[in-house]
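One structure is given below, encoded as structure tokens.
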């Protein structure tokens with residue numbers, strides 16, 4: 001297994017051949033196809049969604065992204081999607097990211113910095129719930145800023161993102177539903193990935209969901225796996241082996 005710091009790095013590994021199978025966001029996949037026109041990419045499944053989190057202490061007076069002007073913010077310090085998105089999120093809210101540079105820290109460090117009040121907020125994109133944030137919120141309650149006003153303009157610029165709602169109570173301190181945006185994660189291979197292996201991997205992923213759910217930290221991701229949704233990978237086409245697997249699953253049901 002090759003572990004990359006984010007979707008962009010993951011796509012580099014897949015394109016170069018240092019990885020045969022990868023999980024990446026659909027926007028990162030499409031960006032890689034634009035950069036490398038000869039790169040033939042295929043999907044095995046749609047997995048979980050990465051949801052944009054703007055996290056603040058529960059007692060904070062901040063209510064929406066526009067309130068972050070002049071505040072201390074951190075974002076993921078790797079080549080993850082949120083690092084590229086954060087300046088645009090601030091820009092859409094009327095904040096000049098050049099005048100409000102964010103600290104670049106990993107998720108765990110951002111959580112510690114927020115708890116110590118070294119920052120006022122951090123931006124993150126990941127599964128709901130994100131377990132490190134769940135665990136942190138049990139020590140000190142946190143809240144998510146609502147992106148409702150930004151969703152239409154965000155989707156206009158990033159059509160591969162969709163509107164979504166984080167339910168109340170997901171994190172201790174989050175007392176109401178929160179409007180935000182999400183992007184799909186795909187299980188990806190190159191077009192020349194062996195058909196029989198693609199078939200077996202897709203079939204196993206769909207049939208062993210219960211085993212994945214039992215692995216506590218994989219639960220949010222595993223619960224999102226559903227054959228009816230997994231097949232929806234466009235604009236990245238399905239690998240022919242995956243197509244066979246979904247036909248087989250349909251015949252089994």
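Points worth noting:
- Among the residues listed as 149, 117, 143, the single one being over 19 Å from residue 172 (Cβ atoms) and in the same structural domain as residue 58 (by TED's automatic domain parsing): 149
- Of the residues examined, residue 56 is one that is over 28 Å from residue 16 (Cβ atoms), surrounded by 15 or more Cβ atoms within 10 Å (Cβ to Cβ) and not assigned by TED's automatic domain parsing to the domain that holds residue 234.
- For residue 124, the criteria (1) under 17 Å from the mean Cα position of the chain (by Cα); (2) farther than 14 Å from residue 111 by Cβ; (3) crowded, with 19+ Cβ neighbours inside 10 Å hold in every case but one, which is (2).
- Every condition in (1) outside any strand (DSSP E or B); (2) touching a residue at least 60 places away in the same chain (Cβ under 8 Å); (3) under 19 Å from residue 174 (Cα atoms) holds for residue 51 except the one numbered (1).
- Scanning the stretch 163-189 for residues that are within 13 Å of residue 129 (Cα to Cα) and part of a loop (DSSP other than H, G, I, E, B) yields a count of 7.
- Hey, residue 164 surrounded by fewer than 18 Cβ atoms within 10 Å (Cβ to Cβ), closer than 18 Å to residue 25 by Cβ and at pLDDT 95 or above or not: yes
- For the stretch 79-103, a residue qualifies if it is at pLDDT below 90, crowded, with 17+ Cβ neighbours inside 10 Å and either part of a loop (DSSP other than H, G, I, E, B) or in contact with a strand residue (DSSP E or B) (Cβ under 8 Å, 6 or more places away or on another chain) (or both), and the qualifying residues are 79, 80, 81, 82, 83, 85, 86, 102.
- Screening 190, 209, 244 for residues that are within 18 Å of residue 29 (Cβ to Cβ), surrounded by 14 or more Cβ atoms within 10 Å (Cβ to Cβ) and touching a helix residue (DSSP H, G or I) at 6+ places or on another chain (Cβ under 7 Å) leaves exactly one candidate, 190.
- Scanning the stretch 28-38 for residues that are modelled with pLDDT under 90 and either in a loop (DSSP other than H, G, I, E, B) or surrounded by fewer than 20 Cβ atoms within 10 Å (Cβ to Cβ) (or both) turns up 31, 33, 34, 35, 36, 37, 38.
- Within the stretch 212-231, restricting attention to residues that are within 19 Å of residue 49 (Cα to Cα) and loosely packed, with under 13 Cβ neighbours inside 10 Å, the residue that is modelled with the lowest pLDDT is 216.
- Residue 135 being within 20 Å of the chain's Cα centre (by Cα) and surrounded by fewer than 21 Cβ atoms within 10 Å (Cβ to Cβ): yes
The values are calculated or read from the model by the stated rules, or taken from the named source; none is laboratory data. Values in this document were obtained by computation on a predicted structure and should not be read as measured data. With ideal geometry, Cβ positions are generated from the backbone for all residues, glycine too; neighbour counts draw on all protein chains shown.
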